[in-house]
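No lab work stands behind these numbers, since they all come straight from the coordinates. Please read these numbers as outputs of a predicted model, since none were measured by experiment. Please note: Cβ atoms are built from the backbone with ideal geometry, for glycine as well, and neighbour counts cover all protein chains shown.
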Amino acid sequence: MNERRVVCLDMAGTTVSDGGAVMDSFRAGLLDGGVDPESTAMTEALDYARRTMGQSKIEVFRAVLGDESRAHAALAGFERRWDELLGSGSIAALPGAEEAVRTLRASGVGVALLTGFPRSVQEGILDALGWRDLADLTVCPDDAGRGRPWPDMVLWSAIKLEASAMSAVVAAGDTPSDVESALRAGAGVAAGVLTGTADEKELRDAGATHVLGSVADLVPLVLGR
């Protein structure tokens, strides 16, 4: 049986630079969720959002607000603010990311772009960057079931892109949640990249099999160059 390799790439912080838009949007969402902007609760909620970066946004709001209606109000506020920032040009491709995806696909590797954002936010990023047809597959928690740190999005990608085995799956992201999700799924490589929120120690402590300077460094690792 021929090996079918699949690469799962996180978006914000891994293939996409958000220019601080994610945290700005979290703050806006928390305001809409009823959090006092000058309170300790706001400081603690933003700290939690940083520590859990990469996870499903609705799950983060549920955790910090403890109320379903407030969590959905916060998510709506997050999405509104994100749309505003998206239109301002805050979102850009990280250097080498697009080329890496194209090179991998040209070599017969299936590539999926994964995010903890809702589908509407993911589609906005793809449209802003002209990436609708860049990857073989785009995945968010709406598709797979649960977001990170659960394994669902990596497993979904492996199934949809017909990976020959989980050992043939490579996953890369900039947060401990990305690494944990890949490990839970049984991916052969769970790589951390240093272009986002976490440093090398945090990624290695999460169990990263590799720590790379950027997603561009994934190409020689996957293709054996």
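Given the rule -39500 (n - 2.57) for each run of at least 4 DSSP H residues, summed and divided by the residues of the chain, what is its mean residue ellipticity at 222 nm, to the nearest 500 deg cm²/dmol? It would help to have the intermediate numbers written out before the result.
On the way: 11 runs with 109 residues, N = 225.
The helix contribution divided over the chain gives -14000 deg cm²/dmol.
When the dipole is taken about the Cα centre of region 21-87, and only Lys, Arg (+1) and Asp, Glu (-1) are charged at their Cβ, what size is it in debye, to the nearest 20?
About 180 debye.
In units of 2.2 N^0.38 Å, what is the alpha-carbon radius of gyration of region 21-87?
On the way: Rg = 10.5 Å, N = 67, 2.2 N^0.38 = 10.9 Å.
Here the answer is 0.97, to two decimals.
Among A112, L94, T15, which residue has its Cα furthest toward the positive end of the charge dipole of the chain, with +1 on Lys/Arg Cβ and -1 on Asp/Glu Cβ?
Checking the options against the dipole of the chain, the answer is A112.
Suppose R0 equals 35 Å. What FRET efficiency, 1/(1 + (r/R0)^6) with r the Cβ-Cβ distance, do E44 and I159 give to the nearest 0.05? Before the final figure, lay out the partial values.
Values: r = 38 Å, r/R0 = 1.08.
Computed FRET efficiency for E44 and I159 comes out at 0.40.
So, in Å, what gap is there between the alpha-carbon centers of region 10-84 and region 113-132?
Comparing the Cα centres of region 10-84 and region 113-132, I get a distance of 17 Å.
Just how large is the dipole of the chain about the Cα centre, in debye to the nearest 20, putting +1 at every Lys and Arg Cβ and -1 at every Asp and Glu Cβ?
Values: 21 positive and 33 negative charges, 122 e Å.
Charge dipole of the chain: 580 debye, to the nearest 20.
Assuming 1.567 mPa s and 4 °C, estimate D for the chain with Stokes-Einstein, Rh taken as the Kirkwood radius over Cα pairs, in µm²/s. Walk me through the numbers before you get to the answer.
Working: Rh = 17.4 Å.
Result for D is 74 µm²/s.
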